[in-house]
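The values are calculated or read from the model by the stated rules, or taken from the named source; none is laboratory data. None of the values given here were measured: they were computed from a predicted structure. Methodologically, a virtual Cβ is constructed for each residue, glycine included, from the backbone with ideal geometry; neighbour enumeration extends over all protein chains shown.
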Amino acid sequence: MRWSSFAIIAVATLTAHTTLAPRLAVGGVWPDVILIVVVFFAMHARKWDAVIAAWSLGLLADLASLERFGLLSLTYALVAISVQSSRDWMFRSHPLTHAAVTFVSALVVHVVFWVYAGFSSGSVVGQPWASVGVPVGIALYTAICAPPVHAVLLRFLRWFGLDAPRYSHARLRRIGTRSTVL
């Protein structure tokens, strides 16, 4: 992976997450732009490159929030490891895959944040299910936004120093072609 290209996309992602995403809020819920990029790199980069990229994006998000330092970097790194370990069984260029993987990842991450916030504020004892719709809404909104963002990032695979996915197990060279036998 080309780390200079990653640094540029990391700054652009953090900027979009802190300035653009809150303006896209619907009902107090906005997409997690950083998680979309974490899932992209987890699906296309080598294992440790993806984990380092996810951890550093989480560290940037931690520095921007100053609230729960370390929690974002840890959860994004764990998301990268879990997506990385299952990526051989998915079509990594398909928009439905992008949406599904991002939805599950966002749901796990934001439920962890929701539980952490509940325990740290002491509200878990009172009404634990009162705000459960927030993590689900964030996960759904993030999953809807993932395919267009991934489509743009897929155009720059070579710029990032990443290889296009090959589907030798499905006897296809790439998605969008007819069943071309190798």
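General remarks:
Results for (1) at pLDDT 95 or above; (2) of a type in the set (S, T, N, Q); (3) surrounded by fewer than 22 Cβ atoms within 10 Å (Cβ to Cβ), shown as yes or no for each residue.
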| residue | (1), (2), (3) |
| --- | --- |
| S4 | no, yes, yes |
| A16 | no, no, yes |
| A50 | no, no, no |
| L63 | no, no, yes |
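- The residue of region 76-86 that is modelled with the highest pLDDT, among those that are crowded, with 19+ Cβ neighbours inside 10 Å and not hydrophobic (A, V, I, L, M, F, W, C), is Y76.
To keep it simple, each residue is scored yes or no on (1) among the hydrophobic types (A, V, I, L, M, F, W, C); (2) at pLDDT 80 or above; (3) assigned to a helix (DSSP H, G or I); (4) over 24 Å from I9 (Cβ atoms).
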site	(1), (2), (3), (4)
V37	yes, yes, yes, no
F41	yes, yes, yes, no
A54	yes, yes, yes, no
L74	yes, yes, yes, no
F91	yes, no, no, no
A106	yes, yes, yes, no
H110	no, yes, yes, no
A130	yes, no, no, yes
V136	yes, yes, yes, yes
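- Candidates V101, V109, V115, filtered to the one that is within 17 Å of I138 (Cβ to Cβ), surrounded by fewer than 18 Cβ atoms within 10 Å (Cβ to Cβ), out of contact with any strand residue (DSSP E or B) (no Cβ under 9 Å at 6 or more places or on another chain) and of a type in the set (V, I, T): V115
- Among the criteria (1) exposed (fewer than 15 other Cβ atoms within 10 Å of the Cβ); (2) assigned to a helix (DSSP H, G or I); (3) aliphatic (A, V, I, L, M); (4) modelled with pLDDT under 90, the one A151 does not fulfil is (4).
- Meets criteria (farther than 16 Å from H17 by Cα and surrounded by fewer than 16 Cβ atoms within 10 Å (Cβ to Cβ)) for S93: no
- Residue check, D32 within 12 Å of the chain's Cα centre (by Cα) and over 25 Å from D163 (Cβ atoms): yes
- Pairs, first in contact (Cβ under 8 Å) with a residue 12 or more places away in the chain in region 55-67, second among the aromatic types (F, W, Y) and assigned to a helix (DSSP H, G or I), C-beta under 7 Å, six or more apart: W55/Y76; L57/Y76; G58/Y76
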